[in-house]
Amino acid sequence: MANREQWGSRVGFILAAVGSAIGLGNIWRFPYMAAQNGGGAFFIPYLFALFTAGIPIMILEFGLGHKYRGSAPLTFAKLNRKWEWLGWWQVIVCFFITVYYVAVIGWSLSYTVFSLSLSWGEASADFFFNKYLNITDGPFNFGGLQWHILIPILIAYLINFAALYGGVKNGIEKAGKIMMPILFFMTVIIAIRGVTLPGAAAGLNYLFKPDLSKILDYRVWTAAYGQIFFTLSVGFAIMIAYSSYLPKKSDIVNNAFMTSFLNCGFSLLAGFAVFGIIGHMAKVQGAPVAEVAGNGGVGLAFVTFPNAINTLGSVAPIFGVLFFLSLTFAGLTSFISINEAAISSIMDKLNMERKKVVIAYNVVAFIVSLLFATGAGLYVLDILDHFINSFGIVFGGLIEVILLGWFFNLKSIQDHVNPISELRAGGWWIVTIKIITPIVLTYMAVMNLYGDLTKPYGDYPLNALFAFGWLAIIIVIAGGFYLGSRKWKNELVLNNNETSMEG
């Protein structure tokens with residue numbers, strides 16, 4: 001292959017990495033999780049998890065990608081030819097996330113338009129589930145394609161295609177430089193307005209009031225580690241691929257800290273924005289915040305928040321557009337990074353040029369995504385998302401830290417990143433990778449498996465859980481081993497560990 005592409009600037013890389021980390025979950029998952037797990041007290045285990053898992057793994061993956069200059073499969077193959085399968089495991093996880101994540105981006109695009117006239121009316125739940133999604137009575141009753149959902153999904157794929165087709169510097173970096181500042185600006189506006197609304201204090205109190213008794217609950221600590229692990233995009237091929245495009249003299253440790261802090265800072269900002277407005281809604285309705293907040297996730301974004309927007313009077317359409325456009329931008333930057341992790345891997349393995357891979361990959365992914373534009377799309381999305389997160393990501397991340405912590409010389413990464421970084425990855429970094437993170441991820445993995453084996457997820461039929469959940473995990477594992485066993489088109493890339501490209 002030709003010389004590996006590079007980022008045009010450090011700012012471009014940071015914005016792209018932060019764009020990958022900041023996704024839909026920062027806006028709809030983090031605030032609700034914090035509120036339900038001790039409020040202000042949740043930030044103690046959250047920050048502990050950030051410094052003992054999030055940042056250490058970020059340093060590790062940035063260091064690996066930068067040193068070995070390859071996608072996840074190529075990097076793991078360079079470490080040990082028998083480990084390549086883990087890279088493909090992570091890539092297949094990315095593919096599955098790609099095909100369903102885009103549906104939520106499509107919904108956000110639609111709701112951006114709906115906000116102009118507050119189309120959801122007073123019955124936002126009925127509008128979302130019945131009028132918009134046209135949800136059927138079960139995961140095997142597809143009900144045909146919903147064109148009003150398919151079109152925004154196609155738009156999301158076209159934006160993604162343009163960014164990836166343009167390459168690292170002229171596509172992905174440019175997209176990040178445009179979307180990320182706009183995303184931060186919109187979220188700041190929503191947050192400022194949110195916290196100045198009558199009743200906002202009750203919403204923020206619900207979010208931040210510390211319940212110190214929760215600190216002793218192991219489930220709160222597990223939730224904090226899970227949130228950090230998922231929100232930073234570590235453990236599924238993305239950060240290894242992105243850091244492989246960094247120039248030789250790049251401050252790896254500082255970049256890891258900056259990416260992590262900006263991501264977590266945005267989550268906090270989103271908390272102010274969301275719960276300030278929800279507090280106002282509670283005041284208008286004369287109900288407790290806990291009662292109107294509902295659940296996190298899809299329900300918070302597309303049911304609870306439209307109801308909250310309804311209470312904002314004449315400016316409601318403006319804040320509706322800002323909120324759902326924020327969701328769209330947060331989703332798109334993550335979507336692009338997830339696809340790039342897979343595309344860079346295919347480019348490395350098959351020695352193919354970017355444009356051909358981008359075209360083929362997007363066509364295949366779009367065809368699979370048609371499933372999520374049907375009346376059963378939400379059911380399939382819910383099942384697949386649960387299994388990919390609970391098993392694909394958690395077990396993949398666990399295997400990664402065990403292999404790298406115990407069967408690889410971590411000091412070689414220290415020796416690579418410390419001379420080019422202002423901050424140093426010291427002994428604390430070794431301890432977190434070798435001991436703390438594996439212990440926590442092992443607990444999470446075992447409890448996830450025990451939970452799903454003893455009580456079927458979501459009360460779905462067992463055949464649906466197998467078809468859209470367990471089968472996906474089988475494909476992840478079997479596909480990883482199969483692709484890892486295939487020969488490289490250009491075996492020379494396996495022997496090239498050169499970190500110097502253009503300077």
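The values are calculated or read from the model by the stated rules, or taken from the named source; none is laboratory data. Worth saying up front: this structure is predicted, and the values here are computed from it rather than measured. Ideal geometry is used to build each Cβ from the backbone, glycine not excepted, and the neighbour counts take in all protein chains shown. The accessibility values were calculated without ligands, DNA or RNA, using every heavy atom of the protein model including side chains. Shrake-Rupley method; radii C 1.70, N 1.55, O 1.52, S 1.80 Å.
Candidates ILE336, ILE343, ILE252, ILE240: the one that is touching an Asp or Glu at 6+ places or on another chain (Cβ under 6 Å) and either closer than 22 Å to VAL168 by Cβ or of a type in the set (Asp, Glu) (or both) is ILE240. Every listed requirement among (1) touching a helix residue (DSSP H, G or I) at 6+ places or on another chain (Cβ under 7 Å); (2) open to solvent by 30 Å² or more (accessible area, probe 1.4 Å) is met by ALA123 save one, (1). What about ASN160, is it polar (S, T, N, Q) and open to solvent by 60 Å² or more (accessible area, probe 1.4 Å)? In short, no. Just one of the listed residues (GLY296, GLY271, GLY286) is open to solvent by 10 Å² or more (accessible area, probe 1.4 Å), under 18 Å from the mean Cα position of the chain (by Cα) and either modelled with pLDDT under 90 or farther than 28 Å from ARG354 by Cα (or both), namely GLY296.
Residues that are in a helix (DSSP H, G or I) and of a type in the set (Ser, Thr, Tyr) were ranked within region 95-120; the one that is most open to solvent (accessible area, probe 1.4 Å) is TYR101. With respect to the conditions (1) in contact (Cβ under 8 Å) with a residue 40 or more places away in the chain; (2) outside any helix (DSSP H, G or I); (3) open to solvent by less than 40 Å² (accessible area, probe 1.4 Å), VAL253 lacks only one, and its number is (2). Only one entry in GLY320, GLY377 is closer than 15 Å to TRP107 by Cβ, surrounded by 19 or more Cβ atoms within 10 Å (Cβ to Cβ) and within 20 Å of the chain's Cα centre (by Cα), namely GLY377. Exactly one residue out of ILE309, ILE346 is open to solvent by 10 Å² or more (accessible area, probe 1.4 Å), part of a helix (DSSP H, G or I) and either under 21 Å from ILE189 (Cβ atoms) or touching a Ser or Thr at 6+ places or on another chain (Cβ under 9 Å) (or both): that is ILE346. Can we say GLY313 is modelled with pLDDT under 95 and under 21 Å from TYR101 (Cβ atoms)? No, not satisfied. For region 271-300, the set of residues classified as among the polar types (S, T, N, Q) and assigned to a helix (DSSP H, G or I) consists of GLN285 only. For region 468-486, filtering for residues that are more than 19 Å from THR98 (Cβ to Cβ) and buried (at least 17 other Cβ atoms within 10 Å of the Cβ) leaves 1. Looking across LEU212, LEU154, LEU197, one residue alone is touching a residue at least 12 places away in the same chain (Cβ under 8 Å), open to solvent by 60 Å² or more (accessible area, probe 1.4 Å) and over 21 Å from the mean Cα position of the chain (by Cα). It is LEU212. Could you give every pair whose Cβ atoms fall below 7 Å, whose first residue belongs to region 436-455 and is without any contact (Cβ under 8 Å) to a residue 12 or more places away in the chain and surrounded by 17 or more Cβ atoms within 10 Å (Cβ to Cβ), and whose second residue is among the charged types (D, E, K, R) and not in a helix (DSSP H, G or I), counting only separations of at least 6 or pairs across chains? Filtered contacts from region 436-455: no entries. When restricted to residues that are open to solvent by less than 30 Å² (accessible area, probe 1.4 Å) and aliphatic (A, V, I, L, M), region 407-433 contains 5. Among the helices (runs of 4 or more DSSP H) confined to region 141-227, the ones with at least 1 residues that are of a type in the set (Lys, Arg) are located at 173-195. Checked against (1) outside any loop (DSSP other than H, G, I, E, B); (2) of a type in the set (S, T, N, Q); (3) farther than 19 Å from ASN307 by Cβ, THR136 passes all but condition (1).
Residues in region 16-57 that are within 22 Å of VAL104 (Cα to Cα), open to solvent by 20 Å² or more (accessible area, probe 1.4 Å) and not charged (D, E, K, R): GLY25, TRP28, TYR32, MET33.
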